[in-house]
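K.L.:
Sending over a structure as structure tokens; questions will come in a sec.
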């Protein structure tokens, strides 16, 4: 199929670690099939050959943390028929959104020898806070199989078939004993599936990398944590990590004070 007929794909980076973009490159055999189905027109992580828009599908990694990026995402949206955010940074502000709970100037002064040269926003915000988003793919990093499903769905003009259940379902399907039954606090009951329950498989509690699942009962989970000895500080820290500004996690963290 000629480049003129193939859908045009662009991959964009904002404030992030690049891990979600690397998930696409880690698709290996699937990447070859994908490359044959689309024209990868803009993907600086993979190639210096960059073509101008418009683009049929844009994948956006990273959060908005500078005034420049707040302007740049508007241009990305303008050039994109469909825009999909990938990863915790793009969907919930990422770990860098911890700045939202403090004074960013204090961080700048503590880290940089010449803070007067640093220009940044007071908060780290998800892409959806700035432009309309067609789909959000959660994870830190994202699941490469889920990413291929999302790309395939948009190319086919259908809704992505991404499960909305919690990590608990993945644990049960793998035949693992619940770590909370064994006394280990775990965010699995309120966290979106997709990681394959990596942490519980090593008898560690889920850290909530994939953000809140559909309709999470965070208050009930918090009460269960308290029966296991968790303090308000423990709960606040647990809900303020990779997806600190995702509304269900943010609300629950605020319920346990500062």
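Just so it is clear, none of the values below were taken in a lab; they were calculated from the coordinates. None of the values given here were measured: they were computed from a predicted structure. Heads up, the Cβs are rebuilt from the backbone with ideal geometry, glycines too, and the neighbour counts pull from every protein chain shown.
K.L.:
For residue 188, indicate whether it is under 23 Å from residue 95 (Cβ atoms), surrounded by 22 or more Cβ atoms within 10 Å (Cβ to Cβ) and free of Cβ contacts under 8 Å to residues at least 24 places away in the same chain.
P.N.:
Against the criterion (under 23 Å from residue 95 (Cβ atoms), surrounded by 22 or more Cβ atoms within 10 Å (Cβ to Cβ) and free of Cβ contacts under 8 Å to residues at least 24 places away in the same chain), residue 188 qualifies.
K.L.:
Select from segment 1-45 the residues that are touching a residue at least 12 places away in the same chain (Cβ under 8 Å), part of a loop (DSSP other than H, G, I, E, B) and more than 30 Å from residue 98 (Cβ to Cβ) and list them in ascending order.
P.N.:
Residues satisfying the conditions are 1, 3, 6, 7, 27, 38.
K.L.:
Would you mind stating whether residue 39 is in contact with a strand residue (DSSP E or B) (Cβ under 7 Å, 6 or more places away or on another chain) and more than 25 Å from residue 245 (Cβ to Cβ)?
P.N.:
yes
K.L.:
Could you list, in sequence order, all residues of segment 5-30 that are out of contact with any strand residue (DSSP E or B) (no Cβ under 7 Å at 6 or more places or on another chain) and over 22 Å from residue 53 (Cβ atoms)?
P.N.:
Matches in segment 5-30: 17, 19, 22, 26, 27, 28, 29, 30.
K.L.:
I would also like to ask the following. Of all residues in segment 212-235, which are free of Cβ contacts under 8 Å to residues at least 24 places away in the same chain and buried (at least 18 other Cβ atoms within 10 Å of the Cβ)?
P.N.:
Answer for segment 212-235, where residues must be free of Cβ contacts under 8 Å to residues at least 24 places away in the same chain and buried (at least 18 other Cβ atoms within 10 Å of the Cβ): just 235.
K.L.:
Which of the numbered conditions does residue 39 fail, given that it passes all the others? Conditions: (1) surrounded by 22 or more Cβ atoms within 10 Å (Cβ to Cβ); (2) closer than 17 Å to residue 150 by Cα.
P.N.:
In the conditions (1) surrounded by 22 or more Cβ atoms within 10 Å (Cβ to Cβ); (2) closer than 17 Å to residue 150 by Cα, residue 39 misses (1) alone.
K.L.:
Of all the residues that make up segment 112-144, how many are closer than 21 Å to residue 242 by Cα, free of Cβ contacts under 8 Å to residues at least 60 places away in the same chain and part of a helix (DSSP H, G or I)?
P.N.:
Count: 1.
K.L.:
When you look at residue 161, is it surrounded by fewer than 17 Cβ atoms within 10 Å (Cβ to Cβ), under 22 Å from the mean Cα position of the chain (by Cα) and touching a residue at least 12 places away in the same chain (Cβ under 8 Å), yes or no?
P.N.:
yes
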